[in-house]
Amino acid sequence: MKNFILFVVLLVAAASILLLVRFNKENGDVTRILEQERYGRMTAEEDLQKGEYRVKKLEADLQTTQVKMSRNQEGLDKCKDENVALKADLDRATQQGRSQEDNLRKDLDEALKKKSDLENKLRDLQGALRDAQDDLKKSKVQVEAAERRADQQAAAAAAMAATAAKK
C-alpha cells in the first residue's frame, strides 16, 4: 500500500506540476494579452490626443480661413462696387466723348464752310486785284504816254520859244 500511496502522491504531484505549468502558461498568455491591451489602449489614447490636437488645429485653421474669406468677400464686394462706379464713369465719359465729337464735327463743318467762303472771297479779291493791277498797268501806260506827249509838247514849246527868241 505504501507503493500505492507513493504512486498516488506522485500522480497528484505530477498532476499538480502539470496544472501549475498549464496555469503558468495561461497566466503568461493572459499577462501578454493584458500587456497588448494596455499597449493598444495607450496607443489609442495617444491617437485620440493627436486626433483632438488635429481637430483643434483644423478648427483654428477653419476660423482663420473664414476670417480670410470674409475679408476676401469684403474686398470682392468693394471691387464690384468700384467696377460699377468705373463702368458708370466710362459710360458718362463715352457719352461726353460722343457729344464732344458731334460738337467738333459741327464746328469742323462750320469751319470748312467758312474756309470755303473765305477762299471764294479770296478768289474774288485776287480777281479784283488782278483787274486793279491791269488797270494800274493801263494807267501807267497812259501816264507814260501822257508824260511822253507832255515832254514832246514841252520840247516843242521850248523849240518854239527858242525859235521865237531867235527871231
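Here, each number is a calculation from the coordinates, and none is a lab measurement. Not measured: the values here are computed from a predicted model. When we count neighbours, we look across all protein chains shown, and the Cβ atoms used for this are built from the backbone with ideal geometry, even at glycine.
Worth pointing out:
- Note on the chain: GNM, Cα springs under 10 Å; of ASP117, ASP134, ASP107, the largest mean-square fluctuation is that of ASP134.
- As a rough footprinting exposure proxy, the listed residues PHE4, PHE23 were ranked by other beta carbons within 10 Å of their own, and the order from fewest upward is PHE4, PHE23.
- For region 1-43, the Cα-based Rg and Dmax, in that order, read 18.1, 61 Å.
- Kirkwood hydrodynamic radius over Cα pairs of region 11-88, then Stokes diffusion coefficient at 4 °C and 1.567 mPa s, in µm²/s: 69 µm²/s
- Per-selection Kirkwood Rh - region 87-127 (Cα, Å, 1 d.p.): 12.2 Å
- Estimated D of the chain in µm² per second, where Rh is the Kirkwood radius over Cα pairs and Stokes-Einstein applies at 4 °C, 1.567 mPa s: 40 µm²/s
- For region 84-167, the Kirkwood hydrodynamic radius comes to 19.5 Å, computed from all pairs of different C-alpha atoms.
- Residue-averaged [θ]222 nm for the chain, counting only DSSP H segments that reach four residues, each worth -39500 (n - 2.57): -38500 deg cm²/dmol
- Highest-MSF residue in the chain out of LYS78, LYS138, LYS106 [GNM, Cα springs under 10 Å]: LYS138
- Partner lysines for LYS87 [C-alpha distance under 30 Å; skip if fewer than 8 residues away on the same chain]: LYS68, LYS78, LYS106
- Length gained on full extension, ARG32 to LYS78: 9.9 nm, using 0.36 nm per residue less the C-alpha separation.
- Using R0 = 45 Å, the C-beta based FRET efficiency linking LEU10 and TYR39 works out to 0.60.
- One way to sum up the overall shape of region 41-134 is the equivalent ellipsoid from its Cα gyration tensor, whose semi-axes run 86, 12, 6 Å, largest first.
- Axis of helix 2-166 versus longest Cα principal axis of the chain: the two differ by about 0°, to the nearest ten degrees.
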